[in-house]
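Here is the structure we will look at, set down as structure tokens.
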Amino acid sequence: MKYLVLLFFSSLLLSSEIDKIESKIIMSMIDAVNTHKGFSIYTNSQKLKNILPAQMVVFVDDCSGADIAILEKSKIEKNCMDIPIITLEYDLLKKYPNSIGSFFWQKGRPNIVFIKSRLKNQNILLDSAFDEFIEENIW
């Protein structure tokens, strides 16, 4: 029984640490593409709504009022096709031509990818700190 309780609390701590890592990475991506104050975000990820710091993020209910969308599901509103998208699944980069980048986990490691041509099409210039994450093509 002691081991079961220990395992339970260990998994809670690990989950909490992963949420912190995800939050920091996604906030750095948001900051990288943010061009002005009052930046609003639409997301279909309940998890993101829970882990991103509320005092730093303005969530809106649909894409028509958003500056950027962060999406984890493949089914999105039509008006999301008019704003830049960051996906939470790499495969969605291929699906949506206005997706500029993606954050996803692969083999237990966080990955960030931005697509150079799509950043250019959206007139988004990233800080040089993100150069290592910019790819020419979707793989």
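The values are calculated or read from the model by the stated rules, or taken from the named source; none is laboratory data. Just so you know, these numbers come straight off a predicted model, no measurement behind them. All Cβ positions, even for glycine, are placed from backbone atoms using ideal geometry, and neighbour counts span all protein chains on display.
For the stretch 49-85, taking the residues that are assigned to a strand (DSSP E or B) and β-branched (Val, Ile, Thr), the one that is surrounded by the fewest Cβ atoms within 10 Å (Cβ to Cβ) is identified as VAL58.
Of all residues in the stretch 100-133, those satisfying the criterion of being assigned to a strand (DSSP E or B) and closer than 17 Å to ASN34 by Cβ are ILE100, GLY101, PHE103, ILE112, PHE114.
If you take the residues of the stretch 30-48 that are surrounded by 14 or more Cβ atoms within 10 Å (Cβ to Cβ), part of a helix (DSSP H, G or I) and of a type outside the set (Val, Ile, Thr), which of them is modelled with the highest pLDDT? The qualifying residue modelled with the highest pLDDT is LEU48. Select from the stretch 52-93 the residues that are β-branched (Val, Ile, Thr) and closer than 30 Å to TRP139 by Cα and list them in ascending order. Residues satisfying the conditions are ILE68, ILE70, ILE76, ILE83, ILE85, ILE86, THR87. Within the stretch 101-116, not a single residue is among the aliphatic types (A, V, I, L, M), within 22 Å of SER64 (Cα to Cα) and either surrounded by 13 or more Cβ atoms within 10 Å (Cβ to Cβ) or at pLDDT 90 or above (or both). Considering the stretch 118-139, the residues that are exposed (fewer than 14 other Cβ atoms within 10 Å of the Cβ) and among the hydrophobic types (A, V, I, L, M, F, W, C) include one that is nearest to MET81 (Cα to Cα), namely LEU125.
Within the stretch 39-58, residues that are farther than 17 Å from LYS73 by Cα reach partners that are among the acidic types (Asp, Glu) and part of a loop (DSSP other than H, G, I, E, B) with beta carbons closer than 6 Å, at six or more positions or on different chains, in the pairs PHE39/ASP67; SER40/ASP67.
Take the residues of the stretch 86-100 that are more than 8 Å from the chain's Cα centre (by Cα) and among the polar types (S, T, N, Q): which is surrounded by the most Cβ atoms within 10 Å (Cβ to Cβ)? Going through the qualifying residues, I end up with SER99.
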